[in-house]
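First comes the structure, then the notes that go with it.
The values are calculated or read from the model by the stated rules, or taken from the named source; none is laboratory data. Bear in mind the structure is a predicted one, so any value in this text is a computation, not a measurement. Counting neighbours? That spans all protein chains shown, and the Cβs are built from the backbone with ideal geometry, glycine included.
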């Protein structure tokens, strides 16, 4: 892990140095500028990139079948055969972590997107139409927001049963009210601006106004929101899996790797507890760093979302 | 009030969507199921009645102050819940205090020294707290304590009147673990609020008038930056009331959240419903407290306008 | 000279007396009274103290100190048998009419914790309720062990201190089942539902307080019917849900004693290495890991397919992978030397799954091919498993073994609430399972798990031949002949892959060395009474 991070940092340095001071903002230049201005954000971006790469290239990157048990080599310490050691069933921890990034990323990204899109739509429509629509949807969102995130996810996953799509749905629900509020606030601000009034005065229809003129202007807050929620979605997935309510076996999930057996073997094989925990922490750390930096860059006024 | 009513409907329906009921769990402890006996027990518990009837009955119970009976323990639900409340509330308050003591100074220093190495170090430290899964951190703390010190805090609740010192030790460790995590959010919001305030004219004026830097920062600036910070503290406190599932489990503290998970797994509807309502009420109350504080701190906000 | 001799003699005498004085506590160690024992409890008590309404150690372990049996396995002897059974509420007992009537002579002057006298009525009430006799005066809400008493025709209480169990046919094993921790006597004057929230017993300890989800506290019963017992002033069972925390609490001295069946080999090694004052006793749990194959539906209604699955699972690898060596292989009865009825080594080695892994897997492929499954048409099965680590680990191992014979097994995770309804309706294909058996006794095991129509016969396996053999061994009075019958049944069950046995779990039972006279038995369900336990502190 540590070496991966150094490599990522080095790659970023190259990016930063190589970027020429150009007037016309190319994509590369934007990235380079971002890296220079927000070095922490860049580290976060690199961590997220790393996670995406391992998730896509999980098969070639892993050294073993992540679900193959091996009775002869249980609880092996980290070494040349098992880079990060093996677990109590002899499964390779490195390969399981690599494959586990898939579960974390898929669940994290999809549940965040699902929650943000649904919530964003509610926020957009509620702010645009105002009045009763706004009032009712706000009350509904209050209901969702009043219930603690983990409790809601727990009850949802118990109600829906443990499966990949259901876990995604369960985690996305608590994101809806947060997303709706952020988007609503920024739409309310935009709505007052003159060009919207102009568009309305010119007879542009409601939906056209909402989707053509207002929506594009909420992209900034939306990106900020999703990166900020991604980290917490990954954490909730881990916690649910830890409690046995998350993504079912045999998918290797980081949270499940930490459940019961890990604590049992901790004294003899601390790598069982350490590495999956570090993987979760780094992924969430990365998305938090990136989220913070994006927020500062895109929307300095948005706080506490 | 309307919100609470909505929450009661949502939680009631979600629970009944979950497959299986308490009677299935009871039979699971006996290792078999008898359909005839199952029907008899369901009738005894009132689970055979239509869902809307069960809901109306529950509402009636809430209004008469009698919260129904725990299916699992055959005791009034309130009697089961009551001892849990002080544990969770105390843990939440302690954690919040630690989070504020840790988070506010970090945020201020981070803002004053913006973009210095110190700023980066503090932000990495605080974000790291937000990124580590709380269950993992708790687990690592317990395992490390027992491995190196051969000691862990008491595993049964010791009330402060029995032995205050042991009580304090028992709560301090989990509160530190939780407070560290929550402090990250407070650091983040304090930093951005301070950055904004520090750019305001009156701060520059104060500085220009030769007032001492420290006094300006900790006096004027911080006071004006407190509003958003208080919002986050309120949200965080509400979250802690229901969100400490795994911390309470790992440190074996008999609090609300740990019990709630058990009650969900046992499908002990009366306990779950009432616990969730309790959490929801705390959320509503802490929002109210934040609003009141707002009015008190910021003369511009007046209610009734 | 003589003075020297006298001096030497005196010295020797003094030394000898000194030695005796020193060594007496070291060897015999007179028990000390007093102290409170802190005991591990893995979850809150399901159904309170109502042992008769559960089939889990989570109830038996913390409820046993409150209650008493008619007879019980001697708490100080690890190996249980007919010969280690001692009287508890029964002072004496005697078989009459060639093992057809079992007469108990009860202790006099025994009182319930609420002061009421204990009589033969309580015994009749309890066991009529458990066997669901037509004239039973109470009904258990959940009754998992009704089948244990299927052979009881009537229970009579001719006077307050005599009880007679009249049987339909001879059944020596009845006494074994009555000696299990699963067979306490309830008070006839206390509604059965009250045992779910509290406990009125005749046991060595009285319940002081049950803090829901947290702990159960007991105080010494000063009126206990055995004089001088219990030694301890009290017991505290501490509920600790998180496994890592449980053993951290034991290691750091917050607990004196572990929970039966919770100590694995690896944990015991770790804990005793860190804290040498913690002692480990290796004991049979009388709990086995087995694979349920639904015999009522395709594909497992075909014995060839079942046997192929059984062949594919390398039993010795399972012991290594799933238990890190902390288990032993065996058929339907606990293996030797832990159990009395286990198959001999040579018989065991001829069963499916015990030979050379490569050869066994080749045989499995051949059988599958005969049944119509092969590379073109692979057997696909779905394994239903609960989201509990022990099941998941076991399932992961089995899936990997089956993959090697071309069987594609997938996992379907289900909630605890759903499992038993599915199993009862036989709506599953395969499932990893744990079976715990009260006493190490063929009747207790076979009637519960293999008899046609038993509610806990989850696989639906039903063989007339096996049923006849089970009844035959049950009434066989000649020990040698009975053992031969029990062996025959075990071999037949494994060959039919009725419920392939994978391994028998060993308990690495841990306690601090200051805890004396707590001896784990060969079954986790039978040694929780605690009246002999004392603290050397």
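Scanning region C:446-473 for residues that are under 22 Å from the mean Cα position of the chain (by Cα) and surrounded by fewer than 18 Cβ atoms within 10 Å (Cβ to Cβ) yields a single hit, C:454. All conditions but one from (1) at pLDDT below 80; (2) over 28 Å from residue A:156 (Cα atoms); (3) facing chain A (nearest Cβ under 9 Å) apply to residue B:297; the one that does not is (3). Within region A:250-292, the set of residues being more than 21 Å from residue B:140 (Cβ to Cβ) and at pLDDT 85 or above comprises A:287, A:289, A:290, A:291.
Residues checked against (1) in contact (Cβ under 8 Å) with a residue 12 or more places away in the chain; (2) more than 14 Å from chain A (Cβ to nearest Cβ):
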site	(1), (2)
C:212	yes, yes
C:215	yes, yes
C:222	no, yes
C:229	yes, yes
C:234	yes, yes
C:257	yes, yes
C:266	yes, no
C:274	yes, no
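Taking the criterion of being more than 19 Å from residue C:39 (Cβ to Cβ) and assigned to a loop (DSSP other than H, G, I, E, B), the residues of region B:154-169 that qualify are B:159, B:160, B:161, B:162, B:163. Residues of region C:330-373 that are loosely packed, with under 13 Cβ neighbours inside 10 Å and assigned to a loop (DSSP other than H, G, I, E, B): C:337, C:344, C:350, C:356, C:372. Here A:203, A:255 are screened, and the one residue that is under 21 Å from residue B:128 (Cα atoms) and either within 14 Å of chain C (Cβ to nearest Cβ) or in a loop (DSSP other than H, G, I, E, B) (or both) is A:255.
Taking the numbered list (1) out of contact with any helix residue (DSSP H, G or I) (no Cβ under 8 Å at 6 or more places or on another chain); (2) more than 10 Å from chain B (Cβ to nearest Cβ); (3) free of Cβ contacts under 8 Å to residues at least 12 places away in the same chain in turn, residue A:133 passes all entries but (1). Considering only residues in region A:67-86 that are modelled with pLDDT of 90 or more and buried (at least 21 other Cβ atoms within 10 Å of the Cβ), the one that is farthest from residue C:397 (Cα to Cα) turns out to be A:84. With respect to the stated conditions, residue C:345 fails to be within 14 Å of chain A (Cβ to nearest Cβ) and modelled with pLDDT under 95. Against the numbered list (1) surrounded by fewer than 21 Cβ atoms within 10 Å (Cβ to Cβ); (2) under 23 Å from the mean Cα position of the chain (by Cα); (3) more than 25 Å from residue C:205 (Cβ to Cβ); (4) without any contact (Cβ under 8 Å) to a residue 40 or more places away in the chain, residue C:143 comes up short only at (4).
Can you tell me which of A:211, A:222, A:285 is in a helix (DSSP H, G or I), more than 8 Å from every other protein chain (Cβ to nearest Cβ) and touching a helix residue (DSSP H, G or I) at 6+ places or on another chain (Cβ under 8 Å)? Criteria check complete, one pass: A:222. Remark: residue B:32 matches the filter, which requires a residue to be touching a helix residue (DSSP H, G or I) at 6+ places or on another chain (Cβ under 8 Å) and under 21 Å from residue C:420 (Cα atoms).
Residues in region C:418-450 that are part of a loop (DSSP other than H, G, I, E, B) and within 13 Å of chain B (Cβ to nearest Cβ): C:425, C:426, C:427, C:437, C:438. Scanning region B:138-169 for residues that are within 13 Å of chain C (Cβ to nearest Cβ) and more than 22 Å from residue C:209 (Cα to Cα) yields a total of 17. Would you be able to say whether some residue in region B:130-148 is more than 13 Å from residue B:250 (Cβ to Cβ) and loosely packed, with under 15 Cβ neighbours inside 10 Å? Yes, that holds for at least one residue. Would you check if residue B:87 is farther than 26 Å from residue C:241 by Cβ and more than 14 Å from chain A (Cβ to nearest Cβ)? Taking the combined requirement at face value, the residue does not satisfy it. Just to be sure, is residue A:118 modelled with pLDDT of 80 or more, more than 14 Å from chain B (Cβ to nearest Cβ), within 24 Å of residue B:242 (Cβ to Cβ) and surrounded by fewer than 18 Cβ atoms within 10 Å (Cβ to Cβ)? Criteria met by residue A:118. When residue A:246 is tested against (1) out of contact with any strand residue (DSSP E or B) (no Cβ under 6 Å at 6 or more places or on another chain); (2) more than 30 Å from residue B:3 (Cβ to Cβ); (3) more than 10 Å from chain B (Cβ to nearest Cβ); (4) not in a helix (DSSP H, G or I), exactly one condition is not met: (2). Looking across region B:61-74 at every residue that is at pLDDT 90 or above and over 24 Å from residue B:5 (Cβ atoms), the one that is farthest from the other protein chains (Cβ to nearest Cβ) is identified as B:72. Against the list (1) surrounded by fewer than 22 Cβ atoms within 10 Å (Cβ to Cβ); (2) closer than 22 Å to residue C:81 by Cβ; (3) in contact (Cβ under 8 Å) with a residue 24 or more places away in the chain, the condition residue C:505 fails is (1).
This table checks each residue for (1) touching a residue at least 40 places away in the same chain (Cβ under 8 Å); (2) within 30 Å of residue C:477 (Cβ to Cβ); (3) within 14 Å of chain B (Cβ to nearest Cβ).
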{"residue": "C:49", "(1), (2), (3)": "yes, no, yes"}
{"residue": "C:53", "(1), (2), (3)": "yes, no, yes"}
{"residue": "C:69", "(1), (2), (3)": "yes, yes, no"}
{"residue": "C:84", "(1), (2), (3)": "no, yes, no"}
{"residue": "C:91", "(1), (2), (3)": "no, yes, no"}
{"residue": "C:99", "(1), (2), (3)": "yes, yes, no"}
{"residue": "C:109", "(1), (2), (3)": "yes, no, no"}
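Applying the criterion of being at pLDDT 85 or above and more than 14 Å from chain C (Cβ to nearest Cβ) to the residues of region B:10-29, the residue that is farthest from residue B:273 (Cα to Cα) is B:13. Inspection of region B:197-207 finds a residue satisfying the criterion of being at negative phi and not in a helix (DSSP H, G or I). Across region C:401-426, the number of residues qualifying as free of Cβ contacts under 8 Å to residues at least 12 places away in the same chain and touching a strand residue (DSSP E or B) at 6+ places or on another chain (Cβ under 9 Å) comes to 2. Here the condition is being in a helix (DSSP H, G or I), surrounded by fewer than 22 Cβ atoms within 10 Å (Cβ to Cβ) and over 22 Å from the mean Cα position of the chain (by Cα); of C:477, C:485, it holds for C:485 alone.
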